[in-house]
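The values are calculated or read from the model by the stated rules, or taken from the named source; none is laboratory data. Quantities reported herein were computed from a predicted structural model and do not represent experimental measurements. No Cβ is skipped: glycine too gets one built from the backbone with ideal geometry, and neighbour counts run over all protein chains shown. SASA here: full protein model, heavy atoms, side chains in, ligands and nucleic acids out. Shrake-Rupley method; radii C 1.70, N 1.55, O 1.52, S 1.80 Å.
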Amino acid sequence: MNTARHLVWLRADLRINDNTALAAACADKDAAVACVYAITPVQWQQHDVAGIRVDFELRTLRALEKSLDQLSIPLLIIQTDDFSGIPDALSRLCEKHQITAVHCNIQYEVNELARDAAVKQALASKGVTFHSHHDQCAVTPGTVLTNDGRFYSVFTPFKRNWLARLEAGAIRLLPIPIRRRHRFAESDNIPAAIKGFDSHVTSDITLSWWPAGEEAALERLTSFVEHGLKRYDEQRDFPELTDNDGVSRLSPYLAAGSISARQCLNAAFNYRHQHGSTKGVEQWISEIGWRDFYKHVMVGWPRVCKHRPFRLETAHIPWRHDENDFQRWCDGQTGFPLVDAAMRQLRQTGWMHNRLRMVVAMFLTKDLFIDWRWGEKFFMQHLIDGDLSANNGGWQWSASTGNDAAPYFRIFNPVLQSERFDPKGNFIREYVPELQDIRDKSIHQPKPSLLSLYPEPMVDRRMVKDRVLSHFRNLPSLTA
Ligand SMILES: Cc1cc2nc3c(=O)[nH]c(=O)nc-3n(C[C@H](O)[C@H](O)[C@H](O)COP(=O)(O)OP(=O)(O)OC[C@H]3O[C@@H](n4cnc5c(N)ncnc54)[C@H](O)[C@@H]3O)c2cc1C
């Protein structure tokens, strides 16, 4: 009898635990299985994928290759410039190895869905079946709907429904597949780097902050659950506490898929079961809920993938496109210490604390009144956890163009945010060395006389609110 040969096309799901597509491909215990990963540099450039994210993914693949090898599953690599080359490359691979079925986990972005439709068609013409599975969200998009069958655009009722579903059916994690008895290929070499995707972060920071792979992700989760989860609600807004498990720092692992949202929730639910409900654990579950929420929104309103605002009327806002001001924001030279420390954290580590993402995004879109799409793009180009739905959701929240966004009249004051969330100025001192000798509260708004190297504030905050209100108040009313 000929052994069936299946292929798993890995994308944002680089793990062997709890991987729906991998489990489905291995359901026939006699089937020989291979995995494949597609390198598409031109597409990545078009999608603004950061060099540090590519580096993280390559390192994750190297760890994954070892785990797959234990299961006698080779990891193959194909390379084409962009998505348009994938149908042909996969068809040829299937032909070469006599593969009859391809499995993958769905990515919900518009271009990715179009790519998969083209692959399905190309494979069908060769007699290869294509199976796409829901896996990326804890609860499948399209199953959490309002009473009249629509996607939720507001988080709180979404979360209520989402959580009820999770609590009703216990979270079932899929086991690691059993070792294959037959193997039909050897693994390909995983490149050390991809031309055009140099990481902007030094390798010592990369390796100490971001060890790659499934094992590293699980260690991060365990450490956070042990040390951070209980007091997450109290600590999550203080960037200084990041190293002390103030937040989980799991976002790069979730974005690459070296851990699943279900695994995270399962750990939180187990904690809740053992220790009872605490504000910390409930808040963290809620944050994973935001991740699911923005993916559901992307499925319900795909225009958010196409640089369009969720609130259609805000397309009329005459955002500024001032390159000099934008550059000062990018460089962390705004003269607002918390904003500058945050932007420098992004440049130095490839990551930024959530509170700071809100502060700098609000500063760019409200204080400078610069187009949120510029900030969204810059973030993608520098984040190790760059993820279209979460990034777009965060930017549209801050710019007040999104669903359930910050009201346009609620504008963060970066000095007050600094006093509140970095009260001793320790985070600022870490990233803005020009200010490290300022020991008192004036670090939040240094007096010009104290400074020689640090810039003066680039914007007069007294005119910020008027400008924002004047543009938002007079928008035509449009509904989606
Ligand atoms: C302007 C802006 C841009 C953002 N861009 C991204 C992005 O590209 N990729 C990304 O993963 N997150 C993004 N976020 C959301 C959030 O800032 C990060 O997920 C979080 O800082 C990651 O740190 P953590 O893993 O320690 O999070 P924790 O606080 O430990 O939360 C656990 C997980 O929940 C999810 N999560 C938490 N907050 C949010 C949120 N507001 N929206 C969606 N998911 C959330 C993440 O997957 C996170 O890893 C953005 C937020 C803003 C305001």
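Of all stretches in the chain that contain no trypsin sites (Lys or Arg not before Pro) in a DSSP loop with at most 14 other Cβ atoms within 10 Å, the longest one is 196-409. Solvent-accessible surface of the chain, taken per residue with a 1.4 Å probe and all protein chains present: 44 Å². What dipole magnitude, in Debye to the nearest 20, does the chain give about its Cα centre under +1 on Lys/Arg Cβ and -1 on Asp/Glu Cβ? The calculated dipole for the chain is roughly 980 debye. How large is log10 of I(q)/I(0) for region 5-136 at q = 0.22 Å⁻¹ when the intensity is taken from the Debye formula with one equal scatterer per alpha-carbon? Values, matching the q order: -1.57.
Within the chain, the longest run free of chymotrypsin sites (Phe, Trp or Tyr not before Pro) that sit in a DSSP loop with at most 16 other Cβ atoms within 10 Å is 185-408.
Between helix 110-124 and the chain there is an angle of about 10 degrees, using the helix long axis and the longest principal axis of the Cα atoms. All distinct Cα pairs of the chain go into the 1/r average, and the inverse of that average, the Kirkwood radius, is 23.8 Å. Stretching the chain fully between LEU145 and ASN324 yields a gain of 60.0 nm (0.36 nm per residue, less the alpha carbon separation). Each pair of Cα atoms in region 312-473 enters the Kirkwood radius, and Stokes-Einstein at 10 °C and 1.306 mPa s then converts it into a translational diffusion coefficient of 100 µm²/s.
If you take the Cα atoms of region 76-190, find Rg, then find the Kirkwood Rh from the mean of 1/r over all pairs, what is Rg/Rh?
Details: Rg = 18.5 Å, Rh = 17.3 Å.
For region 76-190, the value is 1.07.
Across region 441-447, coupling constants 3J(HN,Hα) worked out from phi with the 6.51/-1.76/1.60 Karplus curve, θ = phi - 60°, read 5, 5, 4, 6, 8, x, 6 Hz, and Gly and Pro carry x. What you get for region 52-127, charging only the Cβ of Lys and Arg (+1) and of Asp and Glu (-1), is a dipole of about 220 debye around the Cα centre.
3J(HN,Hα) along region 411-417: 10, 5, 8, x, 6, 5, 4 Hz, from the Karplus curve 6.51 cos²θ - 1.76 cosθ + 1.60 with θ = phi - 60°, whole Hz, x for Gly and Pro.
In region 228-329, carbon and sulfur make up what percent of the accessible area (probe 1.4 Å)?
Values: 1890 of 4210 Å².
Answer for region 228-329: carbon and sulfur cover 45 percent of the accessible area.
Starting from the eigenvalues of the Cα gyration tensor, five times each then square-rooted, give me the equivalent ellipsoid semi-axes of region 67-110, largest first, whole Å. Provide the component values of the computation, followed by the final result.
Values: eigenvalues 83, 48, 26 Å².
Square roots of five times the eigenvalues give 20, 15, 11 Å.
Relative to the Cα centre, the charge distribution of region 195-296, modelled as +1 at Lys and Arg Cβ and -1 at Asp and Glu Cβ, gives a dipole magnitude of about 380 debye. Taking R0 as 51 Å, what FRET efficiency do you get between LYS465 and ASP30 from their Cβ-Cβ distance, rounded to the nearest 0.05? After rounding, the FRET efficiency stands at 0.15. Here the Karplus relation 6.51 cos²θ - 1.76 cosθ + 1.60, evaluated at θ = phi - 60°, turns the backbone of region 150-162 into coupling constants of 10, 5, 6, 10, 10, 5, 4, x, 4, 4, 4, 5, 4 Hz, with x for every Gly and Pro.
For region 5-136, carbon and sulfur atoms together expose 48% of the accessible surface, with a 1.4 angstrom probe and every protein chain in place. Taking 0.36 nm per residue of sequence separation and removing the Cα-Cα distance, the LYS126/ASP204 pair yields an extension gain of 23.4 nm. Each of VAL110, VAL432, TYR37 was placed along the dipole of the chain (beta-carbon charges, centred on the mean Cα), and the one lying farthest toward the positive end is VAL110. Residues of region 224-241 with an amide N closer than 20 Å to a point placed 7 Å from the Cα of ARG272 along the Cα-to-Cβ direction: 224-236. Annotation: amide H-H contacts under 5 Å for ARG320 (H modelled 1.01 Å from N, sequence separation of 5 or more, or interchain): ILE370, ASP371.
So, in Å, what gap is there between the alpha-carbon centers of region 371-429 and region 167-223? Between the Cα centre of region 371-429 and that of region 167-223, the gap is 28 Å. For the set LYS295/LYS377; LYS66/LYS120; LYS96/LYS120; LYS366/LYS424, the pairs lying more than 23 angstrom apart at their alpha carbons are LYS66/LYS120; LYS366/LYS424. For a distance above 17 Å, tell me the whole-number percent of Cα pairs in region 93-140 that qualify. Result for the distance tail: 38 percent.
For ARG303 and ARG439, calculate 0.36 nm times their separation in residues minus their Cα-Cα distance, and state this gained length in nm to one decimal. Please report the intermediate quantities before stating the final value.
Working: separation 136, 0.36 × 136 = 48.96 nm, distance 4.76 nm.
This chain segment gains 44.2 nm when fully extended.
With helices as the sole contributors, the chain gives -14000 deg cm²/dmol at 222 nm; each DSSP H run of n ≥ 4 counts as -39500 (n - 2.57), and the sum is divided by every residue. Per residue, the average separation of C-alpha pairs within less than 8 Å and at least 6 apart gives the chain a relative contact order of 18 percent.
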